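One structure below.
A short reminder: the numbers here are calculations on the coordinates, not readings from a lab. All values derive from a computational prediction rather than experimental measurement. Note that each Cβ is placed from the backbone with ideal geometry, even for glycine, and that neighbours are counted across all protein chains shown.
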Amino acid sequence: MSNVANFIEVVVLDDKISVGDFIYVNKNGARKATYSSGNYYALTTAQKGETLKCSVIPGNEDKRWEE
């Protein structure tokens, strides 16, 4: 059994998201957030419009953000 974290790829909506940033992801893409308001964290760094890899914050999976 593997304990490698699952990740998803999303489009960056802010100017830049860096590795380790807490982010909020919905169907439109990713924006910067705080730990308490985010549902994912960044695994890579990406500029606006680029694709970012991110992984879910355990316990925050159910947070929803409508835009």
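Couple of notes before you dig in:
- Qualifying residue in region 27-37 (condition: under 16 Å from N6 (Cβ atoms) and not aliphatic (A, V, I, L, M)): no
- Restricting attention to region 47-64 and to residues that are more than 11 Å from the chain's Cα centre (by Cα) and of a type in the set (G, A, S), the residue that is nearest to V10 (Cα to Cα) turns out to be G49.
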